[in-house]
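Taken together, the values in this text are just the output of simple stated rules run on the coordinates, not laboratory data. Small disclaimer: the values here were computed from a predicted structure and weren't measured. Backbone-built Cβ (ideal geometry, glycine too); neighbour counts: all protein chains shown.
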Amino acid sequence: MTIQRMDNVLIVVDDLDAVIAFFVELGMELEGKGPVEGRWVERIIGIEDVRQDVAMLRTPDGHGRIELVKFHTPKAISAEPKHAPVNTLGIRRIMFAVDDIEDVVARLRAHGADLVGELEQYENVYRLCYVRGPEGIIVGLAEQLG
């Protein structure tokens with residue numbers, strides 16, 4: 001076997017607290033938050049003079065994690081428009097299975113989220129949508145039917 005599991009997905013953000021609140025509202029649990037700096041992290045990521053805050057969130061089942069990072073030094077750079085369309089090259093979204101998609105969308109809207117397109121039904125299997133949250137982060141939501 002080459003890998004054991006997917007451990008986490010990293011998202012670099014500017015407003016760490018707003019993004020944490022968004023993912024906690026979605027149902028993720030904050031495992032921890034704190035500063036990370038030092039030569040060891042500089043060697044790993046290949047950037048000098050790193051000072052950052054890191055937050056780790058996990059899904060309720062404990063199998064999925066998102067690592068959020070706010071760089072203080074050096075400042076983060078933007079490689080694309082903040083609200084890039086879903087066909088932009090690179091990682092575009094993270095998909096979550098939810099119990100009540102309309103309730104989740106309503107709760108995320110309180111954190112500034114908007115639907116990217118529309119809430120749609122795929123046959124008699126799923127109700128699906130994409131939501132754009134803080135920092136332009138797109139999450140997919142899927143409610144299994146039946």
Item to check | Those residues of segment 117-146 whose amide nitrogen sits under 12 Å from the label point placed on residue 59, 7 Å along Cα→Cβ | outcome: 140-142
Checklist outcome for this item: Taking r as the C-beta separation of residue 121 and residue 24 and R0 as 30 Å, the FRET efficiency to the nearest 0.05 is 0.60
Item to check | Cα centroid of segment 1-77 to Cα centroid of segment 127-146, whole Å | outcome: 21 Å
Item to check | Around residue 108: net Lys/Arg minus Asp/Glu count, Cβ-Cβ under 13 Å | outcome: -2
Checklist entry - Counting Lys and Arg as +1 and Asp and Glu as -1, what is the net charge of the other residues whose Cβ lies under 15 Å from the Cβ of residue 44? => result -3
Checklist outcome for this item: The answer for the net charge of residues other than residue 120 whose Cβ lies under 14 angstrom from its Cβ, with Lys and Arg +1 and Asp and Glu -1, is -3
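Of the DSSP beta bridges with both residues in the chain, give the percent that are antiparallel, rounding to the nearest 5.
Details: 28 of 36 bridges.
Just about 80 percent of them are antiparallel.
How much of the DSSP beta bridge set in segment 94-144 is antiparallel, as a percent to the nearest 5? Provide the component values of the computation, followed by the final result.
On the way: 12 of 16 bridges.
So the antiparallel bridges amount to about 75 percent of the total.
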Next on the checklist: Let me check against my output: what whole-number percent is the relative contact order of segment 9-73, with C-alpha pairs under 8 Å and at least 6 apart?
Outcome noted: 42 percent
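Can you compute the charge dipole magnitude of the chain about its Cα centre, using +1 on each Lys and Arg Cβ and -1 on each Asp and Glu Cβ, nothing else charged? Give it in debye, rounded to the nearest 20.
Working: 16 positive and 25 negative charges, 92 e Å.
In debye, rounded to 20, the chain gives about 440.
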Checklist entry - So if we plug the beta-carbon distance of residue 83 and residue 17 into 1/(1 + (r/R0)^6) with R0 = 22 Å, what FRET efficiency do we get, rounded to 0.05? => result 0.60
Checklist entry - Taking only Cα atoms, what is the 0 to 90° angle, nearest 10, from helix 16-26's long axis to the longest principal axis of the chain? => result 30 degrees
Checklist outcome for this item: For mean projected area of the Cα convex hull in nm², with candidates [x] 11.8; [y] 10.6; [z] 8.7, the value calculated from the shown model is option [y]
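How do 2-9, 71-78, 137-144, 123-130 rank on mean C-beta neighbours within 10 Å, highest first? Please report the intermediate quantities before stating the final value.
Working: 2-9: 8.2, 71-78: 11.1, 137-144: 18.5, 123-130: 13.9.
Put in order of decreasing packing, that is 137-144, 123-130, 71-78, 2-9.
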